Structures are given as C-alpha cells and as structure tokens.
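Written out below as structure tokens is the structure these notes cover.
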Amino acid sequence: MAGTNGFKGNKASLPSKPCLVCGRDMVWRKSWAKNWADVKYCSDACRARKSVTPEAPRAAP
Ligand SMILES: [Zn+2]
C-alpha cells in the first residue's frame with residue numbers, strides 16, 4: 001500500500017503501538033505510563049489469548 005498520509009491526526013501526540021495479538025492500535029494510557037515499554041496487548045483478553053501459546057510463563061533476566 002502506498003500510504004503517504006500515515007498520520008491520522010490524533011488529538012494529542014500520544015504514542016501508540018499495535019497489539020501483538022489482534023494488531024489493533026493501542027494508544028498510550030496514563031495507567032501504562034510506568035510500563036508502556038512492556039505493554040504488548042491491548043486488553044486482558046488478548047493477553048490471555050497470547051498466553052495460550054506454549055511459552056515460558058515468565059523469564060526473569
Ligand atoms: Zn489486542
């Protein structure tokens with residue numbers, strides 16, 4: 001797709017990124033301020049769906 005207008009004109013210039021499960025754009029929320037870099041799913045539903053995959057529950061470095 002040749003998209004020259006990638007900017008959709010958000011109200012504010014809040015950061016956003018796609019959900020890893022459903023691909024929906026997640027717009028920055030205040031509740032995510034502390035862990036925005038760690039947010040990967042738009043909702044608990046997507047997070048639960050993702051957790052279905054056989055993967056290590058949590059790998060602490
Ligand atoms: Zn999602």
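What the table shows:
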| item | result |
| --- | --- |
| ³J(HN,Hα), Karplus 6.51/-1.76/1.60, whole Hz, each residue of segment 44-51, x for Gly, Pro | 5, 4, 5, 4, 5, 5, 5, 5 |
| Extension gain (nm, one decimal) between D44 and C22, 0.36 nm per residue minus Cα-Cα | 6.7 nm |
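A short reminder: the numbers here are calculations on the coordinates, not readings from a lab. All values derive from a computational prediction rather than experimental measurement.
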